[in-house]
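Enquirer: Structure provided below as structure tokens; questions to follow.
The values are calculated or read from the model by the stated rules, or taken from the named source; none is laboratory data. Keep in mind that what you see is a predicted model, and the values were worked out from it rather than measured. Cβ: placed from backbone, ideal geometry, glycine included. Neighbour counts: every protein chain shown. Note: accessible area is taken over every heavy atom of the protein model, side chains too, but ligands, DNA and RNA are not part of it. Shrake-Rupley method; radii C 1.70, N 1.55, O 1.52, S 1.80 Å.
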Amino acid sequence: MIERVRSFNRTVTERVGALDEHYLGFTRGLGAARVLWETGADGIEVRELRRRLGLDSGYTSRLLRILEGQGLLTVRATPEDRRVRRARLTAAGQAERDRLDRRSDELAASMLEPLDERQRARLQAAMGEVELLLRASMIEFAVDDPSSPDARYCIEQYFTEIGERFEAGFDPLRSSSPDVAEFTLPNGLFLVARLRERPVGCGALRFKPGEPADLKRMWIARDVRGCGLGRRTLRELERRAGERGATAVRLETNRNLPEAVGLYRSSGYEEVEPFNDERYAHHWFVKQLAPVAAAS
């Protein structure tokens, strides 16, 4: 499988010309071309540019200095916050970006032109699947303070969505876990999933001595659904629960979340009698965890 991935990577870099110092016939490489493209007509904050490209701050700064020295863009502090820098294309930079856009279209067309209609459809479908799975492989997990900006954002999105989907809405103060502070180690944890440093999912655990770990506040952003992140987040929470000594995980969910119900059932959770008085729940589930192997 590793060899197949490496072979794919070599073919793609060759076909798109990523190794050419003069990418698409320009006098700069792919990295600088991507900076011009992402900056766009409206400009972009430097930190957002770095996030989108997945580059460290030093390399991003070098690329920006090169393009600024060539008169293609400017980098200035914003009037609202002098600590925030924003890149903007000059007229020459916009003209260069327009040429890059045309050449990129020509490159894409050259990939499609030799193929018949059936092959083109296969290529487009395969590219969509590969892009989805590659994005999934870029998602990383980290335990966050539940009061952090990213954690608060995830919780707000979670509350908003279930408020829209539950028949009678949702009031977090009337749920069985109104206080996010309980998701702080050692009594619990709050897990955030990030794609290119952007929070795209979360889940929380609450630990009580002698009881299964409670799984709460699991949410996945709409634009990354379909890539298996929900199941992966569930496995990650189970793993961390086991590492904290839990022998089982339990949760409750609402009948208006059929995707969640299906996920839990297909992941080995068994429906049980209610173990709490959660007013918004219709299903209660428990899963026994496999013993965690002792470190050698």
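Enquirer: Just to be sure before I move on: is ARG265 under 25 Å from the mean Cα position of the chain (by Cα), outside any strand (DSSP E or B) and surrounded by fewer than 16 Cβ atoms within 10 Å (Cβ to Cβ) in the structure I sent?
Expert: For ARG265, the condition - under 25 Å from the mean Cα position of the chain (by Cα), outside any strand (DSSP E or B) and surrounded by fewer than 16 Cβ atoms within 10 Å (Cβ to Cβ) - is met.
Enquirer: Would you confirm whether or not region 52-62 contains a residue that is of a type outside the set (S, T, N, Q), farther than 22 Å from LEU195 by Cα, without any contact (Cβ under 8 Å) to a residue 24 or more places away in the chain and surrounded by 11 or more Cβ atoms within 10 Å (Cβ to Cβ)?
Expert: Yes; the residues of region 52-62 include at least one that is of a type outside the set (S, T, N, Q), farther than 22 Å from LEU195 by Cα, without any contact (Cβ under 8 Å) to a residue 24 or more places away in the chain and surrounded by 11 or more Cβ atoms within 10 Å (Cβ to Cβ).
Enquirer: Please go through region 40-72 and give me each residue that is farther than 20 Å from GLY29 by Cα and in a loop (DSSP other than H, G, I, E, B), ordered by number.
Expert: ALA41, ASP42, GLY43
Enquirer: Looking at GLU236, GLU211, GLU273, GLU278, which is the one that is among the acidic types (Asp, Glu), over 26 Å from the mean Cα position of the chain (by Cα) and at pLDDT 95 or above?
Expert: GLU273 is the lone residue from the list that is among the acidic types (Asp, Glu), over 26 Å from the mean Cα position of the chain (by Cα) and at pLDDT 95 or above.
Enquirer: Sticking with this structure for a sec: Going by the structure shown, is TYR153 in contact with a strand residue (DSSP E or B) (Cβ under 9 Å, 6 or more places away or on another chain), open to solvent by 80 Å² or more (accessible area, probe 1.4 Å), outside any strand (DSSP E or B) and closer than 25 Å to ASN254 by Cβ?
Expert: When the stated conditions are applied, TYR153 passes them.
Enquirer: Return the total of residues in region 11-36 being in a helix (DSSP H, G or I) and either open to solvent by less than 100 Å² (accessible area, probe 1.4 Å) or modelled with pLDDT of 90 or more (or both).
Expert: Qualifying residue count, region 11-36: 14.
Enquirer: Taking region 238-258, which residues are open to solvent by 40 Å² or more (accessible area, probe 1.4 Å) and under 16 Å from ARG217 (Cβ atoms)?
Expert: ARG240
Enquirer: Which of the residues spanning region 156-174 are more than 13 Å from GLY201 (Cβ to Cβ) and either open to solvent by 80 Å² or more (accessible area, probe 1.4 Å) or not in a loop (DSSP other than H, G, I, E, B) (or both)?
Expert: Scanning region 156-174 gives GLU156, PHE159, THR160, ILE162, GLY163, GLU164, ARG165, GLU167, ALA168, PRO172, LEU173, ARG174.
Enquirer: Also: With (1) small (Gly, Ala, Ser); (2) open to solvent by 10 Å² or more (accessible area, probe 1.4 Å); (3) in a helix (DSSP H, G or I) as the list, and GLY210 as the residue in question, which single condition is left unmet?
Expert: Looking at each condition in turn, GLY210 falls short on (3).
Enquirer: Can you name every residue in region 73-100 that is assigned to a helix (DSSP H, G or I) and in contact (Cβ under 8 Å) with a residue 12 or more places away in the chain?
Expert: Of everything in region 73-100, those that are assigned to a helix (DSSP H, G or I) and in contact (Cβ under 8 Å) with a residue 12 or more places away in the chain turn out to be ALA92, GLY93, GLN94, GLU96, ARG97, ARG99, LEU100.
Enquirer: Would you check if there is a residue in region 268-281 being out of contact with any Ser or Thr (no Cβ under 9 Å at 6 or more places or on another chain) and crowded, with 18+ Cβ neighbours inside 10 Å?
Expert: Checked against the condition, which is being out of contact with any Ser or Thr (no Cβ under 9 Å at 6 or more places or on another chain) and crowded, with 18+ Cβ neighbours inside 10 Å, region 268-281 yields at least one hit.
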